[in-house]
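Please treat every number below as a calculation from the coordinates, not as lab data. All values derive from a computational prediction rather than experimental measurement. As a convention, Cβ positions derive from the backbone with ideal geometry for all residues, glycine included, and neighbour counts pool all protein chains shown.
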Amino acid sequence: MNKYQLYHLIERTEELKDKRHPMFERNKFMKFLMWFMVAYYAAIMLFLGVTLGFGLKGDYSAAYHRLDGGFFYLLIIDFWMRFTMQETPAQKAHSYALLPIHRSFLMHGYLIRAMLSWGNLFWGFFLVPFGLMSVVPVAGWLAFVGWLLGYWLLFVANGLAYLYIRALCMKHMLWFLSAAAVHTALVCVCVVPDHNVLRVPFVLFMNAFVQWQPLPYLIVGAIIAFAYWANFRLQMGMVYNEIGKKEEVYLKNVSQFRALNRYGALGEYLKMEIKLRMRNKQPKMQFFIGIGLITFFSLMLYFTDVYDTGFMKSFICLYDYVILGATTLITIMCYEGNYIDGLMSRRDSIFELLRAKYYFNSAMLLIPFILITPLMIIGKISLWMNLGYLFFTVGVLYPCVFQLALYNKNTLPLNVKLTKANSGTMMQSIISIVILFLPIAFEKISVLLLGPVWGYMPLIILGIVGIATHRQWLRNIYRRFMVRRFENMEAFRASRNS
Amino acid sequence: MNIKIDNLKKTFGNKDNIKVAVDIEQYEIHSGEILGLVGNNGAGKSTLFRLILDLIKADTGSVRMSNGCDIDINVAETEEWKDWTGAYVDESFLIDYLTPDEYFHFIARIAGMNDEFLDEEMKKYEHFMAGEVSGQTKLIRNLSAGNKQKVGIVAAMLLRPKVLILDEPFNFLDPSSQHVIKHLLTDYNKETGATILVSSHNLNHTVDICPRIALLENGKIIRDIDNSNGEAEAELESYFDVTE
């Protein structure tokens, strides 16, 4: 087998890996949804390209210059979108580590594959119609091809930059801040001064592609070559790290949480819930992202007047309470899929586990309550709104999210640093939308009918009813879980380590 | 505790490619017995254990546990049997982000046992754990395969179950630990009268500790061998074609 055939064999294996993922095979709807979303975004890109082309019609001399002057905005969007879709070569090469294939060949193969990926052409849905309407009439077809080629090269370079940062993120998550800092600085340079100082150089640079001048091609070519070399070196090192991965094996402190001993079995499940978040990278990251978002939005509302509209105040107050549930409870039972057989061989374990999750996540709402208190003091959020959303979250929204304990049946890895994002199921998407938007609609109608104080009473009363009956609805979920336990357990096993 | 299997069948695959994993018409494991389960890979040993533990759904039939007096239950219909059953099949029984001691405490406390009971029980397994499991600040996921196996076995036995199910307990263990676990199991059986089910590919160990051995092939028990005199080895060696 020559190297070309080997390259295609690995390419085929990677395709099969995605196609034959147990959850993918099981869920025909998800397969349809994935292609639908690709088509949907492609249609949006086409629409944007055409409307922008029409919007700038009559100003053909400068139409594509306007886009070119801010091309880095496209690169920034492209960069961050890749986090949800693209794995690093180091993560992929790990699977072939013990096969008689030279690692450098694998790495070259993956990097070339990443550069030639169809994903780098996706922006074509936007650029082709726009270019047809703005570049071709002014500069002709050859210029259009040069312009598109320039953009493609920029997206390839952007993809390599992403792979580099993503690989660094595997060492430490905070590396993503370096990319965020560069992008923020770039945006600030353009937005803060009265005149965008980068616009003209960017326009000239992109125009040189249009004119087929060799310099921009050489510059971007050199950037790609450098990024390729840097990636190759970093990713090769990462493969060795992945193979010989050594974690901190011994715990420095083993927390006992003795205060929870008095609660018997429930206390043990509460300890488990805390340790799940303290000792596993994925749940820990989810938790801290939730806390970070709560803090960010609360501070934004406190220190700025950007969100001072009625809708945004409601949204941020609700968001502060719901975000922890939306980030951690939305995957309820998915981590437990790793040890579901052990849980299921203990009596009533799922009921006690659900109770512990409910109490733990309810207690965590103390954090947003503390953060919202200063907003109440300065009068941006009323006491009644605060209490309304607090009770509504614990007593109404949590019971909704807990229903996912029945339908979540894909095991999520506990302790990997960074994986392909959990794209979520249809049910998770529906519940997320419901908990983020339905309460605001309910609140607005209620306040409209009953006024700014009494309008929150229905939220508070419904919340109290949900809290008072929590044992009953948790027991109901547990009973229904036991009815469908075989189906769920089979799916947990199938998706474990896949 | 008696375990009675009645018309138990489990198949995998679709209608074009059906694989019979378990197909047992009638079989009874008597109270206080140590039953060894042997068979080639894919014979159905682990699937049978999972059916007994209600972890997979049977196509037909049932598994019942009874004590000959007041208890006679179908494991698929109630969770009561979980109070007196201990099992270790694979790593999916372990909560791997706990230390071994935390895991043992978890098992004991959710069953309502206090720390004194746990400390007393743990003493019995000190030799088996050889100082490498208990008292460690390592998480279970960072233990060697053999030590994970030890955690699973000890956790299964910790609450002194009346029914003990261990899937390939000798796997990953060093020779001295294999020797110790054999004695632990036979002593436990004598002391408590528990019904013990053990599957293994190690014929010597199975013959050493199991007075009764069931030989599985394609999901069926094709031989029910009386090994009370320790004479099953020749028959098993002949079946597995491992005679010298």
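For the residues B:128, B:93, B:104, a GNM of chain B with alpha-carbon springs under 10 Å puts the largest fluctuation on B:93. Please give the calculated 222 nm ellipticity per residue for chain A, where each DSSP H segment of at least 4 residues contributes -39500 (n - 2.57) and the sum is spread over every residue; nearest 500 deg cm²/dmol? Computed mean residue ellipticity for chain A: -23500 deg cm²/dmol. Qualifying trypsin sites (Lys or Arg not before Pro) in the range A:343-434, where qualification requires a DSSP coil assignment and no more than 10 other C-beta atoms within 10 Å, are lacking entirely. Largest GNM mean-square fluctuation across B:221, B:209, B:18, computed for chain B with C-alpha springs under 10 Å, falls on B:18. In a DSSP loop and with at most 16 other Cβ atoms within 10 Å, there are no GluC sites (Glu not before Pro) in the range B:1-42. Compared with the dominant principal axis of the Cα atoms in chain A, helix A:264-279 is inclined by about 20°. For chain B, the longest principal axis of the Cα atoms and the long axis of helix B:100-110 meet at an angle of about 80 degrees.
In this model, which of A:271/B:182; B:82/B:220; B:45/B:124; A:357/B:148; A:252/B:45 are farther than 31 Å apart at the alpha-carbon? As for pairs spanning more than 31 Å Cα to Cα, those are A:271/B:182; A:252/B:45. Using the Cβ of residue B:192 as centre and a radius below 11 Å, the other residues enclosed give a net charge of +1, where K and R count +1 and D and E count -1. Going from the residue with the fewest nearby Cβ atoms within 10 Å to the one with the most, B:6, B:54 rank B:6, B:54. When you restrict to C-alpha pairs under 8 Å that are six or more residues apart and normalise by the size of the range A:266-323, the relative contact order lands at 27 percent. Relative to the longest principal axis of the Cα atoms of chain A, the long axis of helix A:470-483 lies at roughly 70 degrees. Kirkwood hydrodynamic radius computed over chain A comes to 26.1 Å, based on all pairs of distinct alpha carbons. From the square roots a ≥ b ≥ c of the eigenvalues of the alpha-carbon gyration tensor of the range A:61-219, which class results: rounded (a/c under 1.5), prolate (a/b over b/c), or oblate? Judged from the Cα gyration tensor, the range A:61-219 comes out oblate (a/c at least 1.5, b/c at or above a/b).
With both partners inside the protein assembly as shown, how many of the DSSP beta bridges are antiparallel, as a percent to the nearest 5? So the antiparallel bridges amount to about 60 percent of the total. Across chain A, the relative contact order, built from alpha-carbon pairs under 8 Å that are at least six residues apart, equals 17 percent. Computed over chain B, the per-residue total of -39500 (n - 2.57) for DSSP H runs of n ≥ 4 gives a 222 nm mean residue ellipticity of -9500 deg cm²/dmol, rounded to 500.
Only Cα pairs within less than 10 Å get springs; with that Gaussian network setup on chain B, which residue of B:113, B:122, B:157 has the largest fluctuation? In the Gaussian network model the winner is B:113.
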